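Enquirer: Right, I'll just put the structure down here and ask away after.
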Amino acid sequence: MKTRTKYVMSALVFGLCCLGLFAQKPAGHLKPSRTLLLYPEGQLSDRGLEGAEGPLESNGLTGPETMHENGNLYGTADSARIDLYFPKKGNGRMVVVCPGGGYLFCSTYNEGVHVAKWMLEKGIAVCVVKYRMPNGHWQIPLQDVQNALRYCRANAERWKVKRIGVMGFSAGGHLAASASTMFRDSVTRPDFSILIYPVITLGEFTSHGGTRNNLLGKKEVWDAPYRSLVERYSIENQVSALTPPTFLAVSEDDNVVPVVNSILYYQKLLEYQVPAELHIFPTGGHGWGFSKNKYRADGKKDRFNAHRDSFEKCLGDWLDAIQ
């Protein structure tokens, strides 16, 4: 059985390489230093990447993984993986990046490749997590990010990395906030957290409904067990004094994820005296990520262009201050 599993996973790796999904490189853009499957023997095995745990369960997705030309990656299951990027001269920091996509897909260019490019210029190593889509299995994305953190911690000395943070966008911001508050030990606790237009609460009127439905499963009637899950995965309820220092950025005119999500989280951070910085920009909408107008695959105007320089300076200064 083990031999057959290895054969199947080898075939999967070969197929992904042939499709270009491992490289996931837009024309003229950055290629990862290395790509590793989180679960080399698949979701039906109890083994994971070296230094990490095995999968808790399968997400139940059996169809092919697909990549759109804009970098949106759908249907990730057995092929969950990490893309590693290393700067020529590192400063001892690394960021584990969680792209957004409503827990339906990963925005691997806008909130992955371009993030890595920006971080590398600052001497920061990057691990982009192409996590499994939950498909109603709410524990799965967090486990994938925690396993990415475990692997990075296990290799940190070899890579000359001293501090490892987490960064997330939209639903990936919910995932990064989950990792920042629902860690299991010092290995899975990030040293710092960067949340960009994050989903935080899963409440009925203040959340992004698609994110909630894809994570927890859609419910027409909210029974007691479901309400308990909504409460648990409304991450403002999980903040504690141990939550790492946090940087938040959002646009006031975000009509996808209400700005109150970031405000709720920021208020909780202040309540627990966690060092925090919140930037609310007047315009930009949702999903502006790190793809400047000249990089956008869809050809649309960068709505955040007027504030991008200010945002990048604020984030850069904050990262420089992290000790």
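Any read-out appearing in this document is the output of simple, stated calculations on the displayed coordinates, not a laboratory observation. The shown structure was predicted, so the numbers you read here are calculated from the model rather than taken from an experiment. Counting neighbours? That spans all protein chains shown, and the Cβs are built from the backbone with ideal geometry, glycine included.
Enquirer: If the cut-off is 16 Å between C-alpha atoms, which aspartates and glutamates fall inside it for Lys292, apart from same-chain ones fewer than 8 positions away?
Expert: Straight-line reach from Lys292, under 16 Å: Glu111, Glu121, Asp302, Asp309, Glu312.
Enquirer: Based on the Cβ-Cβ distance from Glu50 to Asp223, what FRET efficiency comes out when R0 is 41 Å, to the nearest 0.05?
Expert: The pair Glu50/Asp223 has a calculated efficiency of 0.50.
Enquirer: Sticking with this structure for a sec: Hey, if you put +1 on the Cβ of every Lys and Arg and -1 on every Asp and Glu Cβ in the range 2-321, which of Asn59, Pro282, Ile164 ends up farthest toward the positive end of that dipole?
Expert: It is Ile164.
Enquirer: How much length is gained on full extension from Arg308 to Glu69, taking 0.36 nm per residue of separation minus their Cα-Cα distance? Intermediate values should be presented prior to the final figure.
Expert: Values: separation 239, 0.36 × 239 = 86.04 nm, distance 2.41 nm.
Fully extending the segment from Arg308 to Glu69 adds 83.6 nm.
Enquirer: Note the full-extension length gain between Glu57 and Val187 as 0.36 nm times their separation in residues minus their Cα-Cα distance, in nm to one decimal.
Expert: 44.6 nm
Enquirer: Order of Asp78, Asp254 from fewest to most other C-beta atoms within 10 Å?
Expert: Final ranking by Cβ density, sparse to dense: Asp254, Asp78.
Enquirer: By count of other Cβ within 10 Å, fewest leading, how are Thr206, Thr243, Thr211 ordered?
Expert: Thr206, Thr243, Thr211
Enquirer: Another question, then. Restricting the count to DSSP beta bridges whose residues both fall in the chain, what percent are antiparallel, rounded to a multiple of 5?
Expert: Bridges in the chain that DSSP calls antiparallel: roughly 35 percent.
Enquirer: State, to one decimal in nm, how far the label point of Asp317 lies from the label point of Thr206, with both points 7 Å from Cα in the Cβ direction.
Expert: 2.9
Enquirer: Right, next: Which whole-number percent is the relative contact order of the chain (Cα, under 8 Å, 6+ apart)?
Expert: Over the chain, the number comes to 14 percent.
Enquirer: Charges only on Cβ, +1 for Lys and Arg, -1 for Asp and Glu: so what's the dipole of the chain about the Cα centre, in debye to the nearest 20?
Expert: 1080
Enquirer: Let me ask something additional. For Asn155 and Glu271, what does the FRET efficiency come to when R0 = 45 Å and r is the distance between their Cβ atoms, rounded to the nearest 0.05?
Expert: Rounded to the nearest 0.05, the efficiency is 0.80.
Enquirer: Mind checking the log10 I(q)/I(0) for the chain at q = 0.12, 0.14 Å⁻¹? Debye, one equal scatterer per Cα, no solvent, two decimals.
Expert: One equal scatterer on each Cα of the chain leads to -0.77, -1.08.
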